[in-house]
Ligand SMILES: [Zn+2]
Ligand SMILES: [Zn+2]
């Protein structure tokens with residue numbers, strides 16, 4: 001992993017408790033903790049993974065996020081929607097255009113076939 005990798009796995013451990021902690025996967029726009037616990041008694045209560053399992057899950061997510069970044073459409077940042085007034089700016093996500101205009105389907109990657117609906121942004125509520 002290089003220094004400027006946009007997706008990183010950061011290990012966390014509480015001070016003085018060597019047998020538990022978490023791996024935090026950080027990517028542009030989000031992060032997620034994978035908690036682990038090597039103490040079997042405690043794990044029966046917390047239902048956390050072992051360290052290896054948590055690391056494996058963290059790595060899988062990091063790979064998926066890296067993959068998504070590499071293939072993201074440069075116009076809409078992979079969200080499928082651009083700003084209606086600035087069609088080279090994403091309408092959603094961490095780099096969303098802040099001008100407040102309505103969203104429009106991305107002209108690069110979200111032109112539906114006749115009779116089909118464009119992809120909706122994450123969390124979009126119709127109406
Ligand atoms: Zn705009
Ligand atoms: Zn696009």
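The values are calculated or read from the model by the stated rules, or taken from the named source; none is laboratory data. Keep in mind that what you see is a predicted model, and the values were worked out from it rather than measured. For neighbour counting, all protein chains shown are included, and Cβ atoms are generated from backbone atoms with ideal geometry for every residue, glycine included.
Just one of (1) outside any loop (DSSP other than H, G, I, E, B); (2) within 12 Å of the chain's Cα centre (by Cα) fails for residue 35. It is (2). Residue count for region 98-119, restricted to those that are surrounded by 12 or more Cβ atoms within 10 Å (Cβ to Cβ), in contact with a strand residue (DSSP E or B) (Cβ under 8 Å, 6 or more places away or on another chain) and in a loop (DSSP other than H, G, I, E, B): 6. All of 62, 40, 104 fail the test of being more than 15 Å from ligand 1 (Cβ to nearest atom) and more than 18 Å from residue 6 (Cα to Cα), apart from 40. All conditions in (1) within 16 Å of ligand 2 (Cβ to nearest atom); (2) in contact with a helix residue (DSSP H, G or I) (Cβ under 7 Å, 6 or more places away or on another chain); (3) in a strand (DSSP E or B) hold for residue 82, with the sole exception of (2). Checked against (1) over 14 Å from the mean Cα position of the chain (by Cα); (2) in the same structural domain as residue 104 (by TED's automatic domain parsing), residue 23 passes all but a single condition, namely (2).
Filtered by the rule that a residue be closer than 13 Å to residue 110 by Cα, touching a residue at least 40 places away in the same chain (Cβ under 8 Å) and surrounded by fewer than 15 Cβ atoms within 10 Å (Cβ to Cβ), region 43-97 gives no residues.
Every residue, every condition in (1) within 16 Å of ligand 2 (Cβ to nearest atom); (2) modelled with pLDDT under 95; (3) touching a strand residue (DSSP E or B) at 6+ places or on another chain (Cβ under 8 Å), yes or no:
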residue: 26; (1), (2), (3): no, no, yes
residue: 42; (1), (2), (3): no, yes, yes
residue: 62; (1), (2), (3): no, no, yes
residue: 68; (1), (2), (3): yes, yes, no
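Checked against the criteria, residue 94 counts as more than 13 Å from ligand 1 (Cβ to nearest atom) and outside the structural domain of residue 28 (by TED's automatic domain parsing).
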